[in-house]
Every structure is written in C-alpha cells, then in structure tokens.
Amino acid sequence: MGLREISLTLPNRPGALAGVARALAKDRINLAAIGVDSTVSRGRVRLIVSDPDRAVKLLSSAGYKPEVREMMAVRLEDRSGSFLRVLETLAKAKVNVQSVAILIARESNQPVAALSDSDLTRARKVLQKAGFASPGAERPMSNADVLAGAPTIPGESVGLLL
C-alpha cells in the first residue's frame, strides 16, 4: 500500500496537538506532512507519517480515534499552474479529489503532492498515463530523505519534523 493519511479530531484547546506530536516523537515516527483546520470547539488534524500502521496503533492506544485514507503521490513542476493541470486531469476523468497534502520535495527537487480521491485506482491510472504519478514518493519518509531533499536544513533541526 502507498501513502496513507491519518485524520484525527481533537478538542480545540492548548496542548491538544502537542499531545499527538509528543506520542509520535516518543516512538520516533517521522512526519512528512501535516494539515490542521479548526472550529471554535474542535480541530481536524491530517498527518502523513513514516510508519502509518504503527502510528495508528499508537494513537488508538493513546485514546485517539484515527481514520486512515489511502493517497497517491504526484510530481509537480515548480511553477504556477502545475497542480491545476493535475486537478483538471482528474476532473476530466470525473474523479473527485478528497484530500491534498504538499510533501517535502524528494524527486529531482520537484515539489511532490499527495492526494486522495473518490476512486484512487482510476486516479492512479489516469495520472500515470498523463505523466504525473510519482510511485517513488509513496514510500515512507525518513530523516535521511528530509536531509537529502533539503540540504539547507541542519541535521539538528530534523527533530522538529518529528
């Protein structure tokens, strides 16, 4: 299985997100992408991590209720409109995008985005045919990947990425 996104609903209060980050960091699970959206009372957190199976077990045992969604990775050009081309390709094939995360660049310094949609199998075929798919980026992210993809980040800063 390729990339998977873990979603959690948290109370919107100080320290709620830190609790999730602490649990992942304690078990040395690396974070490749995070998205947070909140209302007055609740927050929705979306994570892409190095070991989703272990993260789900860990978060479940810590009292969270993680939901998992499969995603795929696509290569983008580093210029305006490149992600629009991906979206238009999927729309033309009548595939509905449900979730998007921009990942740390890992392929020839090209930006990589992860997405989930209503029919991932069909989306993968459509985007592979159009030259957007990035199977290499769907493997788990490690600190070595982060350092290789972003040489300006000092080694001691990697801990900030969990």
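Looking only at region 31-40, how many residues end up being modelled with pLDDT of 85 or more and crowded, with 16+ Cβ neighbours inside 10 Å?
1
Given the condition more than 19 Å from the chain's Cα centre (by Cα), open to solvent by 30 Å² or more (accessible area, probe 1.4 Å) and more than 22 Å from residue 119 (Cα to Cα), answer yes or no: does some residue in region 42-56 qualify?
For region 42-56, residues more than 19 Å from the chain's Cα centre (by Cα), open to solvent by 30 Å² or more (accessible area, probe 1.4 Å) and more than 22 Å from residue 119 (Cα to Cα): present.
Is it the case, given these coordinates, that residue 162 is modelled with pLDDT of 85 or more, open to solvent by less than 80 Å² (accessible area, probe 1.4 Å) and within 21 Å of residue 36 (Cα to Cα)?
When the stated conditions are applied, residue 162 does not pass them.
Counting only residues that are within 16 Å of the chain's Cα centre (by Cα) and either open to solvent by 50 Å² or more (accessible area, probe 1.4 Å) or at pLDDT 90 or above (or both), how many does region 68-82 have?
Residues flagged as within 16 Å of the chain's Cα centre (by Cα) and either open to solvent by 50 Å² or more (accessible area, probe 1.4 Å) or at pLDDT 90 or above (or both) within region 68-82 amount to 4.
How do the strands (runs of 3 or more DSSP E) wholly within region 1-96 filter down when requiring 3 or more residues that are out of contact with any Ser or Thr (no Cβ under 7 Å at 6 or more places or on another chain): which remain?
4-11, 31-38, 42-49
The values are calculated or read from the model by the stated rules, or taken from the named source; none is laboratory data. Predicted, not measured: the structure shown is a model, and the values here were computed from it. Note: ideal-geometry Cβ built from the backbone for every residue, glycine included; neighbour counts use all protein chains shown. Heads up: the accessible areas ignore ligands, DNA and RNA and are worked out on the full protein's heavy atoms, side chains in. Shrake-Rupley method; radii C 1.70, N 1.55, O 1.52, S 1.80 Å.
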